[in-house]
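Inspection log for the structure reproduced underneath, given as structure tokens.
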DNA sequence: CCTTGCTTTGTCAACGTTGTCAAATCTTAT
DNA sequence: ATAAGATTTGACAACGTTGACAAAGCAAGG
């Protein structure tokens, strides 16, 4: 019992297969009478249009999500956002984890696009920061949307979604400052880690805005992990901060833990805030005050953009959309004693 | 500048396009001389075979990973495992998160398969437990591989990968018992949660094997979350256990935290073990002794199975493969005081 | 030098759709 | 009743590939 094709439906309905095609594609010029008969036959035979043949005549209905990020929570939220948009539009999502340091990335992606499986690509950091890669893809006329952090899009190569984590870091720092903290440690500076740079920038800006000095001893560098968070906290504690601004929630969780171990109550004796609003932020006690990243929405709007580009053939206008981030106030920060 | 097709290559190489096709498909009957000339032209034109056309004539080269699981870490590990296998074989992965309670699941999946985009499906719990869904898919001759927990495959409907978490729970309990613990609390029983059932079963079996009683007061039910872990621990502590067996790492993390809050040192005064070896297990102090689930390998072998089924058309022999799980001994459990 | 059999190459139809354009049918105005 | 126009339908090629089969080329055996 083979899969029914459009011709089987046509035969059953007593019309030409082109008419069936028209019904399937919801074209206008079909009489109501014929349409309903065809629809009925489709139902009866359980006909499914062959996606592949369709792609061959029209355009691909798939897009790729390309990432190189060890943070599962982030990846999943992004995926879900993209998928939700894909579902609405009848698109399929192909995921493409990759190694951003590898020379192969460009080739891999070009192969996907060249082979006509994929119509568009969503790039996340650090891939999206790679100008060379982007132009390379653009030259093979791929539809590309980049997700980047920063208050503004850095260029107009291709559409960009920018996520203002600098502004968010500043907001968070302001929040701590408003609470009355003066000595705030910054944990997680890492010169090669783009997002730590942005966050530090926001942190600094908030301090300087109020004419406060930026104490180098309180800017600690390390990895984005729990263990490193603990280590950095030991370091920071030597200089008696009243609050800790951690670059992400994992670090913050480590900080909470180490603080307690060192005899500080959180938040009574020391306030600690995170960044990301990841599951880790409620995996600790007290639950972390942090910054929410609306990854789902960011991803969905990126997907909407690529799909739009895939549909309107010519339009190449480098669109841009910005997201600002909000604080999530929970229990790990309060007024200093 | 359109994408080059096989015909362009043929023209350039001065051979028929069928010959090029043969080269591309690495068929034997091409003289070395011609082959290398063709290869050269392919290179020169930057020709990429059109995947779509290929799928139309042969079979789909994509498989779907279908899941309904809120645990990002699990999903990502599975994805990565599947992808690694796909890359080796030139397949693409389409992900399909879904709502297992919805009536639509079957239809969605049949639509994917019927439309010829997808050649096979990998099902994880709880979808894979749904016999009805599996037979439904099988009837539309989809290639299905199920991942299930349990020491053995429950039936021979379709190939199954079974993961022995019952055995692992027993191993873990034995470990605690060997350490000298007698009063062990079990946290995270939840009647509708398949995996908690299996783990409880293993826990019970280990006790009964040694002729020890199973104290109902020490079997606490609740969710698989940090907060619930804390709550269950408060409950358990009333009955003075010397060890806690948590159904997963999140619960264990909550347990560690609550224990400390209640004045117990971990592991000096109370031993706590988790399950899953998720990132949470090193996101706490001391790092958790837990059970490793080799999700990557499990997924990879599922992928290998589906791909094999897709390639060898007829073979329907319900293969089966089992995985046993190993303990990861870290620092959260030790001999009782 | 011709047959036989093997290897290499080519021709053509097919896969299941959609696009183009022409044919058939239905309206409406004269 | 008829021409003109609008709507609905159909025939056929095309998309880029592979499969089936036929043709050509070549070596060995008589």
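Shielding by partners for peptide B:51-58, expressed as the average number of C-beta atoms from other protein chains within 10 Å of each residue's C-beta, is 6.
Per residue of peptide B:91-103, the mean number of Cβ atoms on other chains within 10 Å of the residue Cβ is 3. Between helix B:226-237 and chain B there is an angle of about 30 degrees, using the helix long axis and the longest principal axis of the Cα atoms.
Placing a pseudo-label 7 Å from each Cα along the Cα-to-Cβ vector at residue B:331 and residue B:312 gives an inter-label distance of 4.9 nm. Where does helix B:32-45 land angle-wise versus the long Cα axis of chain B, in degrees 0 to 90, nearest 10? The angle comes out near 70 degrees.
For the range A:76-154, report the % of Cα-Cα distances exceeding 16 Å. Every Cα pair in the range A:76-154 considered, those over 16 Å come to 53 percent. Put the Cα centre of the range A:177-196 next to the Cα centre of the range A:1-71 and the gap is 55 Å.
Based on DSSP H segments of at least four residues, each scored -39500 (n - 2.57), the protein assembly as shown has a per-residue ellipticity at 222 nm of -13500 deg cm²/dmol.
Ascending distances from the residue A:190 label point to its copies in the other chains, with the point 7 Å along the Cα-to-beta-carbon line: 3.1 nm.
Highest GNM mean-square fluctuation, chain A, Cα pairs closer than 10 Å: which of A:326, A:155, A:221? Sorting by GNM fluctuation, first place goes to A:155.
When you work out D = kT/(6 pi eta Rh) for the range B:192-337 at 37 °C and 0.692 mPa s, using the Kirkwood radius from C-alpha pairs as Rh and the Stokes-Einstein form, the result is 195 µm²/s.
Could you work out which residue, out of B:55, B:75, B:23, moves most in a Gaussian network model of chain B, that is, has the largest mean-square fluctuation with Cα springs under 10 Å? Evaluated over chain B, the most mobile residue of the options is B:23. Note on the range A:6-49: percent of Cα-Cα distances in each 10 Å bin, starting at 0 and stopping at the bin with the largest distance, equals 34, 62, 4.
Of the peptides A:132-142, B:272-282, B:236-246, the order by per-residue mean of other Cβ atoms within 10 Å, starting with the highest, comes out as B:272-282, B:236-246, A:132-142. With the alpha-carbon atoms of the range B:1-105 aligned to their principal axes, the span from lowest to highest coordinate is 58, 29, 25 Å, starting with the largest.
Counting every pair of alpha carbons in the protein assembly as shown, the share spaced more than 46 Å apart comes to 28 percent.
Using only alpha carbon pairs under 8 Å that are at least six residues apart, calculate the relative contact order of the range B:6-49 and give it in whole percent. For the range B:6-49, the relative contact order is 43 percent.
For a quick check, take a GNM of chain A with Cα springs below 10 Å and name the residue from A:31, A:115, A:21 with the largest mean-square fluctuation. Among A:31, A:115, A:21, the largest GNM mean-square fluctuation belongs to A:31. Packing around the peptides A:195-208, A:78-91, taken as the average count of other Cβ atoms within 10 Å per residue, puts them in this order, highest first: A:195-208, A:78-91. The C-alpha atoms of the range A:115-268 occupy a region whose extents along the principal axes are 60, 33, 22 Å, arranged from largest to smallest.
When A:96, B:193 are arranged by Cβ crowding within 10 Å, least crowded first, meaning fewest neighbours, the order is B:193, A:96. Under the classification rounded if a/c is under 1.5, otherwise prolate if a/b is larger than b/c and oblate if not, where does the range B:29-75 fall, given a ≥ b ≥ c as square roots of the Cα gyration tensor eigenvalues? Prolate, because a/c is 1.5 or more and a/b exceeds b/c.
Potential lengthening of the chain between residue B:216 and residue B:69 amounts to 50.0 nm, from the contour at 0.36 nm per residue minus the alpha-carbon distance. FRET efficiency for the residue B:2 to residue A:152 pair, using the beta carbon distance and R₀ = 41 Å, is estimated at 0.70. In the frame of its principal axes, chain B has Cα extents of 84, 39, 33 Å, reported largest first. Just report the Cα centroid separation between the range B:318-337 and the range B:213-267, whole Å. Using only Cα atoms, the two centres lie 19 Å from each other.
Pairwise alpha-carbon distances in the range A:132-177 exceed 16 Å for 49% of all pairs. Computed from Cα atoms, the angle from the helix B:295-311 axis to the main principal axis of chain B rounds to 30 degrees.
Bear in mind these aren't lab numbers, they're just calculated from the coordinates by the rules spelled out. Just so it is clear, the model here is predicted, and its values are computed rather than measured. Heads up, the Cβs are rebuilt from the backbone with ideal geometry, glycines too, and the neighbour counts pull from every protein chain shown.
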